[in-house]
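What follows is one structure encoded as structure tokens, with my remarks underneath.
The values are calculated or read from the model by the stated rules, or taken from the named source; none is laboratory data. The shown structure was predicted, so the numbers you read here are calculated from the model rather than taken from an experiment. So basically every Cβ, Gly included, is an ideal-geometry build from the backbone, and we count neighbours across all protein chains shown. In case anyone asks, the SASA skips ligands and DNA or RNA and just uses the protein heavy atoms, side chains included. Shrake-Rupley method; radii C 1.70, N 1.55, O 1.52, S 1.80 Å.
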Amino acid sequence: KTAFLQVAGIPELRIRETTQALVEVGANGGQDVEIAMMLDTTGSMAGDKMTALKEAAVDLVNIVVWDDQSEFSSRVAVVPFSYYVNLGTSSFQAATNQAPGPSGNYRTCVKERQGAKRYKDAKPNATNGYFDYYSGSYCKPQSILLPLTSNKTDLHNRINSMQPTGMTAGHLGTQWTWYALSPKFRDVWPSASKPKGYAKLTELNEDNRPKLVKIAILMTDGEYNKKYSGDSSATQAREHCTAMKAKGITVYTVGFAINPGGEADQTMAQCATAADYYYSADDSDALRSAFRDIAMKIATLRLTQ
């Protein structure tokens with residue numbers, strides 16, 4: 001409404017104001033970012049489901065891993081799971097204190113940790129306990145966990161190499177997603193993949209934002225139906241989620257074509273940091289949209305007027 005212009009017959013001026021949120025892909029907000037993705041590679045993911053998952057995960061990598069890593073880093077870990085989690089030779093030996101067999105995928109898969117440290121991220125050693133392992137001649141999934149890296153080519157290749165097989169040991173995928181982000185597991189991973197300390201999660205930069213953000217993304221398409229010891233797979237997964245959130249890790253969850261109100265749906269809801277951190281995707285398009293939305297939330301937002 002106008003004051004002086006009213007005498008000229010102009011009682012008001014219409015003003016259009018727009019605010020635009022721009023995602024700076026390949027940029028950063030003065031923070032280091034560590035992301036670990038648990039990706040379901042069980043048999044039920046065969047066909048279009050696996051194609052959609054690969055596309056969604058690659059899309060997320062392209063958004064959240066920026067080009068200039070000289071000052072602030074953004075790294076992503078890929079944690080495929082089915083019957084077990086496959087750590088590969090060097091990490092398997094660090095986690096189990098056992099030498100792997102003579103060929104690539106011989107005895108490199110791990111099972112639950114026993115004892116009082118089952119739901120802890122204590123460093124695997126003789127005092128804290130090592131992880132149980134699969135002792136057969138072939139472990140699944142064949143795709144090996146890729147620890148934190150900013151190498152997009154390596155990330156793309158590992159994601160695109162995933163093949164569906166086996167049952168759903170979701171608690172194993174959940175715990176190793178946590179361990180990929182845990183500084184207490186530094187000795188399990190190569191030097192370039194060592195997670196930064198938890199203390200940086202509460203240290204603030206000049207913009208009053210945390211200097212470090214750790215994010216877990218947990219994706220599954222079905223009920224957790226495989227475990228080797230202890231409580232049910234779903235119960236163990238929830239315990240791991242509670243523990244990692246207590247450390248300051250943000251948890252996003254994605255349920256892909258799962259039964260509403262079922263155990264998997266409840267587990268994904270309970271694991272998420274908050275209600276709006278849980279995505280229930282009914283089809284392949286919704287899955288890709290969920291990963292993109294998570295990526296956009298992680299990416300830097302710049303408001304322009």
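Counting 0.36 nm for each residue step from residue 289 to residue 245 and taking away their Cα separation leaves a gain of 13.4 nm.
Any chance you could give the angle, 0 to 90 degrees and rounded to 10, that helix 170-181 forms with the longest Cα principal axis of the chain? On a 0 to 90 degree scale, this one is about 70. Over all other residues within a Cβ to Cβ distance under 14 Å of residue 114, the charged ones net out to +3, with Lys and Arg as +1 and Asp and Glu as -1.
Listed by chain and number, the aspartates and glutamates whose alpha-carbon sits under 17 Å from that of residue 226, ignoring those within fewer than 8 places in the same chain, are 40, 112, 132, 239, 263, 265. List the pairs from 117/140; 196/297; 117/152; 245/297; 194/247; 49/214 whose alpha-carbon separation is above 23 Å, in the order I gave them. Pairs exceeding 23 Å: 117/140; 117/152; 49/214. Remark: the chain carries 45 Å² of accessible area per residue (probe radius 1.4 Å; ligands, DNA and RNA excluded). Test of understanding: given the chain, find the longest segment containing no trypsin sites (Lys or Arg not before Pro) that are in a DSSP loop and have at most 12 other Cβ atoms within 10 Å. No qualifying site falls inside 17-305, the longest such stretch.
Surface composition of segment 240-298: carbon plus sulfur atoms hold 46% of the accessible area, using a 1.4 angstrom probe and ignoring ligands, DNA and RNA.
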